[in-house]
Amino acid sequence: KLEGLLSADMYATDGDYALYYEISAMQNLKKWFAKEKVNRKWMAKLVEGIRTALWSLEQYLLEGKNLLTDPDHIFIHMESERIHFVYF
C-alpha cells in the first residue's frame, strides 16, 4: 500500500489474473465534481495528491507514466476527502 495510491489486490479466475482496487467509501473525481465546485481549495488538494502519489512512486522506483490521471480513475475518499490515484 503506497500513500496516494489505491490499494490493489491480485486475484485469479479460471487462470486469468486481474487487479482489484479498493474503492469503498470513495467516489471518482468526475462524479465528485458534478456535485462540487472546482475552487482554489480543491485545486490545492489535487496538486498535493499528485505530489504525494509521485513521491510514493519515486520511493519504490516505479514509473510515473503508469499513474492514471483520467478523472474516472482518480478517487476521493468521502469522509477524509483524501485523493487516491490508480497505478496500472
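The values are calculated or read from the model by the stated rules, or taken from the named source; none is laboratory data. These figures come from a predicted structure and were not determined experimentally. For neighbour counting, all protein chains shown are included, and Cβ atoms are generated from backbone atoms with ideal geometry for every residue, glycine included. With ligands, DNA and RNA removed, areas are computed over all heavy atoms of the protein, side chains included. Shrake-Rupley method; radii C 1.70, N 1.55, O 1.52, S 1.80 Å.
Structure values in brief
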read-out: Looking only at region 26-46, and only at residues there that are open to solvent by less than 50 Å² (accessible area, probe 1.4 Å) and among the aromatic types (F, W, Y), the one that is nearest to the chain's Cα centre (by Cα); value: W32
read-out: Criterion: loosely packed, with under 10 Cβ neighbours inside 10 Å, without any contact (Cβ under 8 Å) to a residue 40 or more places away in the chain and either of a type in the set (S, T, Y) or on the phi > 0 side of the Ramachandran plot (or both) - qualifying residue of D9, D14; value: D14
read-out: Every residue from region 1-25 that is assigned to a strand (DSSP E or B) and more than 10 Å from the chain's Cα centre (by Cα); value: A8, D9, M10, Y11, A12, T13, D16, Y17, A18, L19, Y20
read-out: Among residues of region 47-86, those that are within 10 Å of the chain's Cα centre (by Cα), open to solvent by 50 Å² or more (accessible area, probe 1.4 Å) and in contact (Cβ under 8 Å) with a residue 24 or more places away in the chain, counted; value: 5
